[in-house]
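Here the structure is laid out as structure tokens; the discussion comes afterwards.
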Amino acid sequence: MAAGAAGLAYSAGFEARSFRLRRVTVPVLPPGMRPLRVLQVSDIHMVSGQRKKQRWLQSLAGLRPDFVINTGDNLSDTGGVPEVMDALGPLMEFPGAYVFGSNDYYGPRLRNPARYLLEKVSGRHGLNGNAPVVGVPRNPWEDIRDGFDEAGWLNLTNTRGVLKVEGVSIELTGLDDPHIKRDRYAQVAGGPSGTYDFSMGVVHAPYLRVLDAFTADRYPLILAGHTHGGQLCIPFYGALVTNCDLDTDRVKGLSRHTAEGRTSFLHVSAGCGTNRYTPVRFACPPEATLLTLVERQ
């Protein structure tokens, strides 16, 4: 009991607030193209009063990235929109783009953590095989959308967009959240147009159907979040669940995905927040990632 209490105190009181920046180099750019520095923030799950998280997110502007990608789940509190806007305000001075996750649209509910293990065994996650949840509070996601749009960030909800960064054009193809079956890949299918310097895919939840589609369409890089890196991990073993059909070996960080004989780089952010009802992390600190894209070999 004492060990359990100590572990809970550590995971909620220290690790869940021990924010980290991870740095990753990805060889995906065409030969001769200058490196690009991309800051990915994900799964903020902002709750009113989380001042340390706000200050840490604000400080990331000091990295001076070329552009920012927000892979969704900004809220875990229906009243958290002002805090999200305040936390991301300095980052919105840079070019950026975003997709939404289920927690942007709907508020969290108290949930038995064991259900994640049951869903892993059954192969059902979110609305992918499960019955719709009723009585869930609705989040003011439109306010977040309007704030991001006003700052000039691209809304990649089942659509494409182009960022111009110091003479370099980046084509972005995004999807709405597959976890609640809002993804519509048919609307963006066809792969990179070939008219821009670089193309990449963006989605909140890294479901295999989405990764397969992006990879088959020859996107060299896919960014995602959603998994929280497993959130409660076992030291020297890793994550138990991913909250989607992605395998636990790729629950966070950089990996490769293969489909139809083609291969893409996949980066999954472990995110920097938690559901307000399970504010704990163990062996999986909250994070943001600075990806440096360099020439492919």
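The values are calculated or read from the model by the stated rules, or taken from the named source; none is laboratory data. Since the structure is predicted, the reported quantities are computational estimates derived from the model, not experimental observations. With ideal geometry, Cβ positions are generated from the backbone for all residues, glycine too; neighbour counts draw on all protein chains shown. Ligands, DNA and RNA are excluded from the accessible area calculation, which covers all protein heavy atoms including side chains. Shrake-Rupley method; radii C 1.70, N 1.55, O 1.52, S 1.80 Å.
A few comments on the model shown:
- Meets criteria (over 20 Å from M33 (Cα atoms) and surrounded by 15 or more Cβ atoms within 10 Å (Cβ to Cβ)) for G174: yes
- Boolean, G135 is over 19 Å from L293 (Cα atoms), open to solvent by less than 50 Å² (accessible area, probe 1.4 Å) and not aromatic (F, W, Y): no
The rows are residues; the columns are (1) over 24 Å from A205 (Cα atoms); (2) within 14 Å of the chain's Cα centre (by Cα); (3) among the hydroxyl-bearing types (S, T, Y).
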| site | (1), (2), (3) |
| --- | --- |
| R55 | yes, no, no |
| A61 | yes, no, no |
| P65 | no, no, no |
| D77 | no, no, no |
| M85 | no, no, no |
| P90 | yes, no, no |
| A97 | no, yes, no |
| S102 | no, yes, yes |
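- The selection criterion, being in contact with a helix residue (DSSP H, G or I) (Cβ under 7 Å, 6 or more places away or on another chain) and surrounded by fewer than 16 Cβ atoms within 10 Å (Cβ to Cβ), holds for E260.
- In region 148-161, the condition of being among the charged types (D, E, K, R), more than 23 Å from R124 (Cβ to Cβ), within 20 Å of the chain's Cα centre (by Cα) and not in a helix (DSSP H, G or I) is met by at least one residue.
- Taken over region 99-127, the criterion of being surrounded by 17 or more Cβ atoms within 10 Å (Cβ to Cβ), in contact with a helix residue (DSSP H, G or I) (Cβ under 6 Å, 6 or more places away or on another chain) and not hydroxyl-bearing (S, T, Y) is satisfied by D104, H125, G126.
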